[in-house]
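Presented below is the structure to which this report refers.
The values are calculated or read from the model by the stated rules, or taken from the named source; none is laboratory data. For clarity, every value in this text was computed on a predicted model and none was experimentally measured. Quick reminder, even Gly has a Cβ in these numbers, built from the backbone with ideal geometry, and neighbours come from all protein chains shown.
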Amino acid sequence: MSTFRSIVFSSVVAGFVVGAMVTVIQQFGTVPLILKAEVFEKAARPHRSEAAAAATQETVAAHDHAEHEHAAETWEPRDGLERNAYTAAANVLTAIGFALLLAAFFALRSGNAGSRVSWHEGLMWGLAGFSVFAIAPGLGLPPELPGVPAAPLLSRQIWWVVAAVATAGGLGLIFFRRSVPASIAGLILIMLPHLIGAPELEHVETNVPTSLSHQFVVAVTLTNLIFWSMLGGLTGVAFAHFDRDTSHANAT
Amino acid sequence: MSRTTVTHAEAGRLPIAAGQISRLAQSLMAMALGLFIVGVVGFSDIDVVHNAAHDVRHSNAFPCH
């Protein structure tokens, strides 16, 4: 299981570093915007007219967070240190999860080519991850702040996954097949989920300012760009390191 | 007897082929583990998981209710 161990070790190392750094970056970028939006979200709730509330219930899986209606029933972290600690943990876990994907690809690449993945190749893979998991799903489902109503959750999750899988498949066809028909098929595959269209509401009623939502889209996209660039580069370096160690151990 | 005899060239290739298959299997296992972790943190419907990972879901543009 030496390859698996190298993949897991390198992913955990890269995941901890990138998860911690992104947590700090989020404190300046996305988190202040989420907190601002929650002020609008909470302010809107008592004043919402019954008609609007009824309409929302009919058509919307509103952006209802458990904190508003199930405060007594469901646990949630307290604002401040506790909330940020859970955010940090979730960031580290997300980074480890995505790093496992990257390192697994590095293992296949270096196994086939017999050469190690450099930080630069890792960075390229990171940017591919950024395209697959941030740009493509975000094009149809832009990053949303709390308090902004959206289409039913499950339909959005399904579309998100379809967009990511189609983009990954399309990029794979373009980069690895290197033929004109495969490249055209790849491009069509990338465009397909967007031509079908992401689930959206006909009427969105929110008191969260548009400028705040726009700032949030920019903040999320830039944070994701940093996340994926660092994750790609660091996972590449870490995997080359651990994989070399295990191949030494096997040889002796 | 001759059917089961393996030539030197074939014998040289076998461990490499077996090693690559094992590398493929282990890589696929790692991918499955990675997707599972991202799935739980980003997509799980359990309220406690949602509340704990709330800010991360928004910051990563995962669909969030």
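General observations
- Hey, residue A:101 in contact with a strand residue (DSSP E or B) (Cβ under 9 Å, 6 or more places away or on another chain) and either surrounded by fewer than 24 Cβ atoms within 10 Å (Cβ to Cβ) or within 7 Å of chain B (Cβ to nearest Cβ) (or both) or not: no
- When every residue of the stretch B:21-35 is checked against the conditions, at least one turns out to be at pLDDT below 90 and small (Gly, Ala, Ser).
Residue-by-condition table, conditions (1) part of a helix (DSSP H, G or I); (2) within 14 Å of chain B (Cβ to nearest Cβ); (3) at pLDDT 95 or above:
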| site | (1), (2), (3) |
| --- | --- |
| A:125 | yes, yes, yes |
| A:135 | yes, yes, yes |
| A:146 | no, yes, no |
| A:164 | yes, yes, yes |
| A:181 | yes, no, yes |
| A:184 | yes, no, yes |
| A:187 | yes, no, yes |
| A:191 | yes, no, yes |
| A:199 | no, yes, no |
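- Checked against the criterion of being at pLDDT 90 or above and more than 11 Å from every other protein chain (Cβ to nearest Cβ), the candidates A:155, A:115, A:131, A:49 yield just one match: A:131.
- Some residue of the stretch A:208-217 being crowded, with 21+ Cβ neighbours inside 10 Å, over 22 Å from the mean Cα position of the chain (by Cα), in contact (Cβ under 8 Å) with a residue 60 or more places away in the chain and not in a helix (DSSP H, G or I): yes
- Residue check, residue A:150 in contact with a strand residue (DSSP E or B) (Cβ under 9 Å, 6 or more places away or on another chain), farther than 20 Å from residue B:30 by Cα and more than 7 Å from every other protein chain (Cβ to nearest Cβ): yes
- All positions within the stretch A:225-243 that are in contact with a Ser or Thr (Cβ under 8 Å, 6 or more places away or on another chain) and within 13 Å of chain B (Cβ to nearest Cβ): A:235, A:239, A:242, A:243
- Inspection of the stretch A:184-193 identifies at least one residue that is surrounded by 13 or more Cβ atoms within 10 Å (Cβ to Cβ) and of a type in the set (Gly, Ala, Ser).
- Condition broken by residue A:160, with the remaining ones in (1) among the aromatic types (Phe, Trp, Tyr); (2) within 9 Å of chain B (Cβ to nearest Cβ); (3) surrounded by fewer than 19 Cβ atoms within 10 Å (Cβ to Cβ) satisfied: (3)
- Condition check for residue A:128: within 28 Å of residue A:236 (Cα to Cα) and buried (at least 22 other Cβ atoms within 10 Å of the Cβ): no
- The set of residues from the stretch A:166-178 being more than 25 Å from residue A:217 (Cα to Cα) and either modelled with pLDDT under 95 or of a type in the set (A, V, I, L, M, F, W, C) (or both) comprises A:173, A:174, A:175, A:176, A:177, A:178.
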